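Here's the structure, in structure tokens; my notes come after.
The values are calculated or read from the model by the stated rules, or taken from the named source; none is laboratory data. Since this is a predicted model, take the numbers as computed values, not measurements. Heads up, the Cβs are rebuilt from the backbone with ideal geometry, glycines too, and the neighbour counts pull from every protein chain shown.
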Ligand SMILES: Nc1ncnc2c1ncn2[C@@H]1O[C@H](COP(=O)(O)OP(=O)(O)OP(=O)(O)O)[C@@H](O)[C@H]1O
Ligand SMILES: [Mg+2]
């Protein structure tokens with residue numbers, strides 16, 4: 001085990017059976033082809049590649065929503081190794097893995113603060129139902145969750161921020177960019193060590209992109225979280241990622257610093273259209 005690695009993806013393959021594409025003779029679409037990839041501790045690792053390259057599929061495999069056909073994925077955390085293929089999706093949060101999905105998952109009818117509260121994880125892996133049978137436990141947990149949510153709003157965003165001022169208003173009133181920012185902030189309610197972020201900035205305007213960038217930097221540099229980030233915005237990658245991987249043909253085709261990868265001749269030709 002190498003201590004500065006948090007996630008090791010080793011030779012992972014995945015294909016989908018497709019029914020309507022006659023150009024693919026055997027009806028199997030090979031999306032991941034013995035993919036190897038490493039996520040280092042305390043860094044922002046960007047994963048880039050064309051639409052359909054298999055980036056979200058990889059997240060779905062890491063999150064255990066779908067199975068790989070081959071390979072292994074190991075999480076290294078607190079001197080332990082975890083073979084993720086032995087775990088179910090609902091167990092990943094207690095292993096310290098959080099995920100932001102490509103599509104928005106905000107509860108529109110709930111307030112901003114309540115949207116944060118549902119992200120609370122109170123470290124109850126050993127006693128998940130303690131709040132049901134220990135008198136007062138539920139109230140104590142609610143109190144701790146509320147304190148944490150208020151703390152996030154005050155210290156991360158500040159009392160001048162619309163999240164603080166509108167914390168009791170329904171989240172459905174927020175713009176799309178504000179919702180994505182709130183969803184990203186909700187991950188801070190968990191005790192995550194690794195966050196899988198699937199296109200946090202897609203479709204949002206520059207001011208919210210800047211706020212999400214600041215949030216990521218705080219997560220990594222102040223809270224010690226490691227991030228694997230799928231992103232199509234190359235300014236964002238250049239500005240925030242420490243390492244960049246370009247996926248192509250189901251493999252980690254080119255990797256290095258963002259400057260090296262985005263300056264790479266093949267990446268420019270195949271992905272950036274330069
Ligand atoms: N459940 C599925 N059944 C069949 N094909 C699928 C399934 N899920 C994904 N695919 C196909 O696998 C390929 C990879 O999809 P994936 O969503 O991983 O791409 P992506 O790199 O995340 O793309 P984008 O940047 O557009 O989000 C695509 O061709 C997609 O249509
Ligand atoms: Mg995707």
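Among the conditions (1) at pLDDT 95 or above; (2) away from ligand 1 (no atom under 16 Å from the Cβ); (3) more than 19 Å from the chain's Cα centre (by Cα); (4) at negative phi, residue 11 misses just one, which is (4).
Can you name every one of the strands (runs of 3 or more DSSP E) wholly within segment 209-274 that holds 3 or more residues which are touching a strand residue (DSSP E or B) at 6+ places or on another chain (Cβ under 6 Å) and at pLDDT below 95? It comes to 251-256.
Residue 27 satisfies every condition listed in (1) within 12 Å of ligand 1 (Cβ to nearest atom); (2) at pLDDT 95 or above; (3) exposed (fewer than 14 other Cβ atoms within 10 Å of the Cβ) except (2). Here the condition is being away from ligand 2 (no atom under 16 Å from the Cβ), touching a helix residue (DSSP H, G or I) at 6+ places or on another chain (Cβ under 8 Å), without any contact (Cβ under 8 Å) to a residue 60 or more places away in the chain and more than 21 Å from residue 38 (Cβ to Cβ); of 190, 263, 213, 273, it holds for 213 alone.
In the set (1) farther than 13 Å from residue 195 by Cα; (2) within 13 Å of ligand 2 (Cβ to nearest atom); (3) within 15 Å of the chain's Cα centre (by Cα), residue 49 fails one condition alone, (3). Checked against (1) in contact with a helix residue (DSSP H, G or I) (Cβ under 8 Å, 6 or more places away or on another chain); (2) under 24 Å from residue 186 (Cβ atoms); (3) within 13 Å of ligand 1 (Cβ to nearest atom), residue 84 passes all but condition (3). Filter segment 33-66 down to the residues that are without any contact (Cβ under 8 Å) to a residue 40 or more places away in the chain, more than 9 Å from ligand 1 (Cβ to nearest atom) and in a loop (DSSP other than H, G, I, E, B), then identify the one that is surrounded by the fewest Cβ atoms within 10 Å (Cβ to Cβ). Ranking the qualifying residues of segment 33-66, first place goes to 65. Whether any residue in segment 40-60 is farther than 30 Å from residue 204 by Cα and in contact with a strand residue (DSSP E or B) (Cβ under 6 Å, 6 or more places away or on another chain) is what I want to check. No, segment 40-60 contains no residue that is farther than 30 Å from residue 204 by Cα and in contact with a strand residue (DSSP E or B) (Cβ under 6 Å, 6 or more places away or on another chain).
Residues are listed down the side, and each one gets a yes or a no for (1) within 16 Å of ligand 1 (Cβ to nearest atom); (2) modelled with pLDDT under 95:
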position	(1), (2)
104	yes, yes
109	no, no
121	no, yes
124	no, yes
133	no, yes
136	no, yes
141	no, yes
159	no, no
162	no, no
